[in-house]
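Data first, discussion second: the structure below is written as structure tokens.
Where a number appears in this text, it was derived from the coordinates with a stated rule and is not lab data. Everything numeric in this text was worked out from a predicted model, so none of it was measured. All Cβ positions, glycine included, derive from the backbone under ideal geometry; neighbour counts span all protein chains shown.
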Amino acid sequence: MDTTSQRDTRAITTTPTPADLDLLRRICAHTGLDADAAQPIRLAANHLWSAGDVVIRIGRPGLQEVAAKEIAVARWLTANRIRTARPYPGLPQAVAIEDRAVTFWHKIDAQRPGTPAELAAALAQIHALPVPHFLHQHHFNPLDRHLRRLERLTILGPSDHAWISRHLHRLHAAWNAVPAHLSHVPLHGDASTSNLVVDTAGRPHLIDFESSTSGHIGWDLIPLLSSLLTYNDSRRADYDAFTTAYGLDITTLPHWELMLDVYDSKAATWALDIASRNPALAPLALHRLHCLQGHYGLRPWNWEPVR
């Protein structure tokens, strides 16, 4: 399931361009790190480099406030004894280099991704905490940013563009009608097993707090349900382990079907945006749209990653 790739607009690679290397050198010159010793971990919309025991994370342009939030979330969770990627001390954080926000993290000796049960346990810890001031939202709506994507969906003809616009606006209004006080908790915001890494000692660590916010508890529980019902790439046993470890099945909560529709529509809109830049991905993205439009019946829809 491609939840963690939903923000990428560049294909994932580990081969840097000359511009990537130039940016890395500027960052290392600013911080005293050795650019020649740095190795790429993952280069996409966000860049990850390993420099000894430091991981350099270079965010997308113009997101310095988001990077500062990520640091704040990691420090807050660590203070509450929840294991996360830890900001590296002694280095500047959320510093802007060429309009790219750069953060520095302790390298995790990761052995494997987390299991659904391990993810559920970590989410339960987060959701039990009071909402910190830097995550307070009057009313979080996950479609806010995706409504702004509509003008970029050039892959669509007029009728399909009109349909997805009506669909997103209807879901946006339905989400806003859910009472804001219901299960209002801190949210990881991108709660997939790929954002929980387990080190060689068997300890899970949460990573990637770019989407962290506060809102309805269900937003952190819906990704694994979508993986099961929409993408069809999770086993029922994994979902059952997740709900058992968390102590709650989202399908017992009001509005869960709305949340699933919002989550899947968000993923489809993201895919259409990417395919508008890379037409080779059009069949996968349009399949998602056609599923939402009812051309393939009820879930599961067997969605494939769009990368």
The ratio Rg/Rh over the Cα atoms of segment 126-200, Rh being the Kirkwood inverse mean 1/r radius, stands at 1.09
Note, W256: beta-carbon cut-off 15 Å, +1 each Lys/Arg, -1 each Asp/Glu, net -4
Debye intensity ratio in log₁₀ form over the Cα atoms of segment 113-292, taken at each q of 0.09, 0.15 Å⁻¹:
-0.34, -0.93
What percentages, rounded to whole numbers, describe P(r) for segment 251-295 computed over all alpha carbon pairs with 5 Å bin width beginning at zero?
5, 24, 24, 19, 13, 8, 5, 3
Karplus-derived 3J(HN,Hα), 6.51/-1.76/1.60, for each residue of segment 83-91, Hz, glycine and proline x:
5, 9, 4, 9, x, 7, x, x, 10
Calc'd 3J(HN,Hα), segment 190-207, phi into Karplus 6.51 cos²θ - 1.76 cosθ + 1.60 (θ = phi - 60°), Hz, glycine/Pro = x, comes to 9, 7, 10, 5, 6, 9, 9, 10, 10, 7, 5, 8, x, 9, x, 10, 6, 9
Where the Cα atoms of segment 185-261 are projected onto their three principal axes, how long is each span, largest first, in whole Å?
38, 29, 23
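Taking all pairs of different Cα atoms in segment 34-121, averaging 1/r and flipping that mean, what Kirkwood radius in angstroms comes out? Spell out each step's value before the answer.
Numbers: mean 1/r = 0.0716 Å⁻¹.
Evaluated over segment 34-121, this radius sits at 14.0 Å.
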The simple spin-label model distance between D160 and N302, using points 7 Å out along Cα→Cβ, in nm, is 2.0 nm
Can you give the relative contact order of segment 113-292 as a percent, counting alpha carbon pairs under 8 Å and 6+ residues apart?
32 percent
Quick one: Cα centre-to-centre distance for segment 217-284 and segment 168-183, in angstrom?
17 Å
Sorted from largest to smallest, which semi-axis lengths in Å does the alpha carbon gyration tensor of the chain give for its equivalent ellipsoid, taking the root of 5 times each eigenvalue?
31, 25, 18
